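Trainee: The structure is given below, and queries will be raised subsequently.
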Amino acid sequence: MVYDTIILGAGAAGMMCAAHTGGRTLVLDHAKAPGEKIRISGGGRCNFTNMYAGPDNFLSQNPHFCKSALSRYTQWDFIDLVARHNIPYHEKTLGQLFCDTSAKDIIAMLRTEMQAAGAELSLNTAITNVTHDGTAFHVTTQSHGKTQSLQTQNLVLATGGKSIPKMGASGLAYDIARQFDLPVTDTRAGLVPFTFSDNPFKSLSGTALPVRATASGTNFDEAMLFTHRGLSGPAMLQISSYWHEAQDISVNLLPDTDAFQALRDKRKTDGRRNLSTVLAQLLPTKLADYLAQEWALSGNLADQSDASLRALSDKLQNWPLRPTGTEGYRTAEVTLGGINTDALSSRSMEAKTLPGFYAIGEAVDVTGWLGGYNFQWAWSSGWAAGTAI
Ligand code: FDA
């Protein structure tokens with residue numbers, strides 16, 4: 001069968017692209033339903049974009065690459081689309097927009113848009129071979145024991161990254177890109193909890209507090225959660241994308257307080273209290289107890305010199321931690337790295353050396369922060385390719 005466009009992957013980017021291509025379009029996916037990650041995202045409510053999305057919220061070897069698509073199909077364009085489909089939504093925090101009812105509303109919207117564009121969808125379909133004969137692409141598929149040979153002028157890679165293999169994530173986009181001589185940068189898990197050997201924080205599991213987390217010179221002010229395996233919560237997920245193995249992260253446990261001044265003030269009013277009691281006025285009790293033990297804090301506050309209060313406040317506001325690693329692709333929300341943007345046009349997402357070959361979404365080396373940015377990249381890059389085809 002002959003198509004104008006075949007899109008590999010019926011995820012966020014693939015569906016968005018299919019909704020905007022003209023001609024005869026087919027979307028292939030090995031999953032039994034389209035948009036599975038949309039369905040589970042945002043706790044089932046899909047944080048579908050962020051009101052403040054801009055190029056600064058993305059990581060890439062080329063931080064300029066995402067600018068074109070993001071500025072031509074913005075969060076406001078997607079919000080308009082959501083509103084046109086009468087999908088109720090709300091801002092949760094920090095510009096993050098979620099569906100009021102269900103992430104399934106977004107999937108249904110994309111399916112409707114795809115149908116309106118006349119795109120066909122083939123699920124439960126394995127992609128077994130892709131070739132190019134100099135003029136057209138040939139895609140071999142296997143579905144319900146049947147092999148099919150398809151031909152297309154345009155081929156769009158939209159099979160995403162490696163995160164959550166249990167949900168069908170695969171490295172297919174990278175393999176096909178390499179097959180056609182497009183470079184792929186190193187990939188690693190992003191937006192992922194940290195692990196520590198012999199997790200020292202086990203006893204704190206479930207404790208959460210607002211912190212400022214820093215790695216590689218980047219800060220995030222969000223909540224941190226101690227877990228039975230290490231550290232999680234939005235602050236840790238965000239900073240994990242900036243962290244590299246054998247590096248420390250720094251945690252400011254009192255991001256909105258001058259800890260030294262606060263301790264000095266308390267020395268005047270609560271001088272007879274011991275240090276862990278005073279810390280428990282500033283931090284969750286379990287954490288205060290843990291730190292008092294870990295840092296061998298003893299004695300009353302009145303006994304502490306300015307120098308020792310300064311040393312303690314420095315530790316509270318710059319607590320260095322060395323994760324052993326992360327939970328990896330098993331639980332990561334995204335894959336950092338991917339198809340090297342040098343090989344693609346930032347306007348159309350088309351390969352510079354292979355006309356008709358496109359890559360969009362998470363498969364490309366553009367990774368957003370936590371908070372709706374990754375879907376915005378899927379919408380913007382999918383739209384850019386779809387409208388260019
Ligand atoms: P996506 O992964 O969506 O789609 C790829 C498609 O290709 C899938 O349908 C898959 O089945 C198919 N595929 C893969 N390999 C294949 C193969 N070998 N053969 C055939 N088909 C294949 N982002 C955000 O902005 N807001 C949020 O709330 C969340 N929440 C969230 C929660 C969780 C648990 C995860 C794991 C991720 C998020 N994200 C997120 C990230 C977001 O889901 C992700 O960045 C986008 O889905 C990427 O869109 P793509 O279309 O590029 O890939």
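Trainee: Is it true that some residue in region 74-87 is within 13 Å of the ligand (Cβ to nearest atom) and part of a loop (DSSP other than H, G, I, E, B)? Quick ask: steps written out before the conclusion?
Mentor: First, pick out the residues of region 74-87 that are within 13 Å of the ligand (Cβ to nearest atom): 75, 78.
Subsequent filtering for residues that are part of a loop (DSSP other than H, G, I, E, B) retains none.
No.
Trainee: On to the next question. Select from region 233-260 the residues that are buried (at least 21 other Cβ atoms within 10 Å of the Cβ) and under 16 Å from the mean Cα position of the chain (by Cα) and list them in ascending order.
Mentor: P234, A235, M236, L237, Q238, I239, S240, S241, W243
Trainee: Still on this structure, please answer the following. Going through region 354-389 one residue at a time, which ones are touching a residue at least 40 places away in the same chain (Cβ under 8 Å), more than 17 Å from T185 (Cβ to Cβ) and either of a type in the set (V, I, T) or more than 14 Å from the ligand (Cβ to nearest atom) (or both)?
Mentor: Scanning region 354-389 gives L354, G356, F357, T387, A388, I389.
Trainee: If you go through region 178-191 one residue at a time, do you hit one that is near the ligand (Cβ under 10 Å from one of its atoms) and either out of contact with any Asp or Glu (no Cβ under 9 Å at 6 or more places or on another chain) or within 30 Å of F357 (Cβ to Cβ) (or both)? Quick ask: steps written out before the conclusion?
Mentor: Step one: list which residues in region 178-191 are near the ligand (Cβ under 10 Å from one of its atoms), which gives 190-191.
When the remaining residues are screened for being either out of contact with any Asp or Glu (no Cβ under 9 Å at 6 or more places or on another chain) or within 30 Å of F357 (Cβ to Cβ) (or both), the result is 190-191.
Yes, that holds for at least one residue.
Trainee: Oh, and also: Scan region 88-123 residue by residue and report those that are assigned to a loop (DSSP other than H, G, I, E, B) and hydrophobic (A, V, I, L, M, F, W, C). Before you say what the answer is, go through the steps one by one.
Mentor: So in region 88-123, the residues assigned to a loop (DSSP other than H, G, I, E, B) come out as 88, 92-95, 100-103, 117-119, 123.
Answer for region 88-123, where residues must be assigned to a loop (DSSP other than H, G, I, E, B) and hydrophobic (A, V, I, L, M, F, W, C): L94, A103, A117, A119, L123.
Trainee: For region 146-171, enumerate the residues that are under 15 Å from A13 (Cα atoms) and out of contact with any helix residue (DSSP H, G or I) (no Cβ under 6 Å at 6 or more places or on another chain).
Mentor: Matches in region 146-171: L155, A169.
Trainee: While we're looking at this one, here's another question. What is the one condition in (1) under 23 Å from P210 (Cβ atoms); (2) free of Cβ contacts under 8 Å to residues at least 24 places away in the same chain that D303 does not satisfy?
Mentor: (1)
Trainee: Could you check, for region 259-268, whether at least one of its residues is modelled with pLDDT of 95 or more, over 23 Å from Q247 (Cα atoms) and within 14 Å of the ligand (Cβ to nearest atom)?
Mentor: Within region 259-268 (the criterion being modelled with pLDDT of 95 or more, over 23 Å from Q247 (Cα atoms) and within 14 Å of the ligand (Cβ to nearest atom)), the answer is no, since none of the residues qualifies.
Trainee: Related question: From the residues in region 23-50 that are more than 13 Å from the ligand (Cβ to nearest atom) and of a type outside the set (S, T, N, Q), which one is modelled with the highest pLDDT? Even if it seems obvious, please write down each step before you answer.
Mentor: Taking region 23-50 first, the residues more than 13 Å from the ligand (Cβ to nearest atom) are 23-25.
Right, trim to of a type outside the set (S, T, N, Q) and you get 23-24.
Numbers: G23: 95, R24: 98.
Out of the qualifying residues, it is R24.
Trainee: Go through region 253-296 and tell me which helices (runs of 4 or more DSSP H), entirely inside it, have 1 or more residues that are in contact with a Leu (Cβ under 7 Å, 6 or more places away or on another chain) and farther than 18 Å from L204 by Cα. First the steps, then the outcome.
Mentor: On the way: elements: 259-269, 275-282, 285-294.
Passing ranges, in order: 259-269, 275-282.
Trainee: Another question about this same structure. Could you pull out the residue among A311, A363 that is over 30 Å from L110 (Cα atoms) and among the small types (G, A, S)? Give the derivation first.
Mentor: Values: A363 fails: over 30 Å from L110 (Cα atoms).
The unique qualifying residue is A311.
Trainee: Same structure again: Select from region 295-337 the residues that are closer than 26 Å to L254 by Cβ, modelled with pLDDT of 95 or more and acidic (D, E) and write down the one among them that is farthest from the chain's Cα centre (by Cα).
Mentor: D306
Trainee: Can you pull out every residue in region 328-347 that is surrounded by 17 or more Cβ atoms within 10 Å (Cβ to Cβ) and under 21 Å from A385 (Cβ atoms)?
Mentor: Listed by number, the residues that qualify are V334, T335, G337, G338, I339, N340, T341, A343, L344, S346.
Trainee: Pick from region 147-177 the residues that are modelled with pLDDT of 95 or more and in a helix (DSSP H, G or I): which of them is surrounded by the most Cβ atoms within 10 Å (Cβ to Cβ)?
Mentor: A173
Trainee: In this structure, does T5 turn out to be in contact (Cβ under 8 Å) with a residue 12 or more places away in the chain, crowded, with 23+ Cβ neighbours inside 10 Å and assigned to a loop (DSSP other than H, G, I, E, B)? Please lay out each step first, then the result.
Mentor: Details: in contact (Cβ under 8 Å) with a residue 12 or more places away in the chain: yes; crowded, with 23+ Cβ neighbours inside 10 Å: yes; assigned to a loop (DSSP other than H, G, I, E, B): no.
No: the conditions fail for T5.
Trainee: Right, another one. Here is a list: S170, S203, S149, S163. Which entry is away from the ligand (no atom under 16 Å from the Cβ) and under 30 Å from H244 (Cα atoms)? Talk me through it step by step, then tell me what you get.
Mentor: Details: S170 fails: away from the ligand (no atom under 16 Å from the Cβ); S149 fails: under 30 Å from H244 (Cα atoms); S163 fails: away from the ligand (no atom under 16 Å from the Cβ).
When all the criteria are applied, what remains is S203.
Trainee: Can I ask one more? Hey, among K67, K104, which residue is of a type outside the set (S, T, N, Q) and more than 18 Å from the chain's Cα centre (by Cα)? Lay out the reasoning, then the answer.
Mentor: Numbers: K67 fails: more than 18 Å from the chain's Cα centre (by Cα).
Selected residue: K104, the only one of K67, K104 that is of a type outside the set (S, T, N, Q) and more than 18 Å from the chain's Cα centre (by Cα).
Trainee: Looking only at region 240-267, how many residues end up being among the small types (G, A, S) and within 17 Å of T218 (Cβ to Cβ)? Can you show your working first?
Mentor: Here is the first cut: in region 240-267, the ones among the small types (G, A, S) are 240-241, 246, 250, 259, 262.
Retained after the next criterion (residues that are within 17 Å of T218 (Cβ to Cβ)): 240-241, 250.
Summing the residues that are among the small types (G, A, S) and within 17 Å of T218 (Cβ to Cβ) in region 240-267 gives 3.
Trainee: Let me ask something else. Which of the following residues is touching a residue at least 60 places away in the same chain (Cβ under 8 Å), within 22 Å of F194 (Cα to Cα), crowded, with 17+ Cβ neighbours inside 10 Å and out of contact with any Phe, Trp or Tyr (no Cβ under 8 Å at 6 or more places or on another chain): L316, L291?
Mentor: Details: L291 fails: touching a residue at least 60 places away in the same chain (Cβ under 8 Å).
Within the list L316, L291, the selection yields L316.
The values are calculated or read from the model by the stated rules, or taken from the named source; none is laboratory data. Keep in mind the model is a prediction, meaning the values are calculated, not measured. Quick reminder, even Gly has a Cβ in these numbers, built from the backbone with ideal geometry, and neighbours come from all protein chains shown.
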